[in-house]
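Participant: Take this structure first; my questions come after.
What follows draws every value from the coordinates through simple rules; no lab data is involved. Every value quoted in this text rests on a predicted model; they were computed, and no experiment measured them. Heads up, the Cβs are rebuilt from the backbone with ideal geometry, glycines too, and the neighbour counts pull from every protein chain shown.
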Amino acid sequence: MKILMILNDPPYGTERSYNGLRLAKALAREKAEVSLFLMADAVTCARRGQKVPQGYYNLELMLKSVSRNGDLLLCGTCMDARGLTDEDLVEGAQRSTMEALAQRTLEADRVLVF
């Protein structure tokens, strides 16, 4: 099954992106083909070099785990608005477009939005 997950919220301050990634990891363990598309403040979830307090979740590590078995795409316009460059991103993350999101949406069996 192909699942597209769209994340919108920042990495920290709310837990929506965290919970979306928890679900993405669980779906991947169940052999679903999971693609992630990060837009709006969620593009900052893919920032390389995140430092968090000991014992706190780290979305950089979670994204790396999910991207090993699926695509990790980021809205290029949203990246530009937040000053993120391709060099700022975790390994496996790719700048993308609305056209690519539209195509992934049409190809997906399920679309989940966080």
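Participant: If residue 7 meets every condition in (1) closer than 18 Å to residue 100 by Cα; (2) surrounded by fewer than 16 Cβ atoms within 10 Å (Cβ to Cβ) apart from one, which number is that one?
Facilitator: (2)
Participant: Of all residues in the range 68-99, how many are in contact with a strand residue (DSSP E or B) (Cβ under 7 Å, 6 or more places away or on another chain), touching a residue at least 40 places away in the same chain (Cβ under 8 Å) and in a helix (DSSP H, G or I)?
Facilitator: Final tally of qualifying residues: 1.
Participant: Does the range 40-59 contain at least one residue that is touching a helix residue (DSSP H, G or I) at 6+ places or on another chain (Cβ under 8 Å), part of a strand (DSSP E or B), surrounded by 13 or more Cβ atoms within 10 Å (Cβ to Cβ) and free of Cβ contacts under 8 Å to residues at least 60 places away in the same chain?
Facilitator: Yes: one or more hits.
Participant: Collect the residues in the range 22-39 that are assigned to a helix (DSSP H, G or I) and either touching a Cys at 6+ places or on another chain (Cβ under 8 Å) or among the β-branched types (Val, Ile, Thr) (or both), keeping them in residue-number order.
Facilitator: Taking the range 22-39 as the starting set, the residues that turn out to be assigned to a helix (DSSP H, G or I) are 22-29.
Result: no residue meets the conditions.
Participant: Taking into account only those residues within the range 74-114 that are closer than 29 Å to residue 1 by Cα and small (Gly, Ala, Ser), which is surrounded by the most Cβ atoms within 10 Å (Cβ to Cβ)?
Facilitator: Ranking the candidates gives 93 first.
Participant: Look through the range 1-16, keep the residues that are under 12 Å from the mean Cα position of the chain (by Cα) and of a type outside the set (S, T, N, Q), and return whichever of them is nearest to residue 56 (Cα to Cα).
Facilitator: Selected residue: 11.
Participant: Here is a follow-up. Which numbered condition in (1) closer than 14 Å to residue 114 by Cβ; (2) of a type outside the set (Gly, Ala, Ser); (3) surrounded by 15 or more Cβ atoms within 10 Å (Cβ to Cβ); (4) over 11 Å from the mean Cα position of the chain (by Cα) is the only one that residue 19 fails?
Facilitator: (3)
Participant: Let me ask something else. Which numbered condition in (1) touching a Cys at 6+ places or on another chain (Cβ under 9 Å); (2) outside any loop (DSSP other than H, G, I, E, B) is the only one that residue 5 fails?
Facilitator: Of (1) touching a Cys at 6+ places or on another chain (Cβ under 9 Å); (2) outside any loop (DSSP other than H, G, I, E, B), only one is false for residue 5: (1).
Participant: Under the condition of being within 11 Å of the chain's Cα centre (by Cα) and of a type in the set (D, E, K, R), which residue from the range 60-71 is surrounded by the most Cβ atoms within 10 Å (Cβ to Cβ)?
Facilitator: If we take residues in the range 60-71 being within 11 Å of the chain's Cα centre (by Cα) and of a type in the set (D, E, K, R), then 60 is surrounded by the most Cβ atoms within 10 Å (Cβ to Cβ).
Participant: Give the range 22-39 a look and list any residue that's exposed (fewer than 14 other Cβ atoms within 10 Å of the Cβ) and among the hydroxyl-bearing types (Ser, Thr, Tyr), or say none.
Facilitator: none
Participant: Moving on to the next point. Just one of 29, 22, 16 is of a type in the set (D, E, K, R), more than 14 Å from residue 67 (Cβ to Cβ) and touching a helix residue (DSSP H, G or I) at 6+ places or on another chain (Cβ under 8 Å); which is it?
Facilitator: One residue alone meets the criteria, 22.
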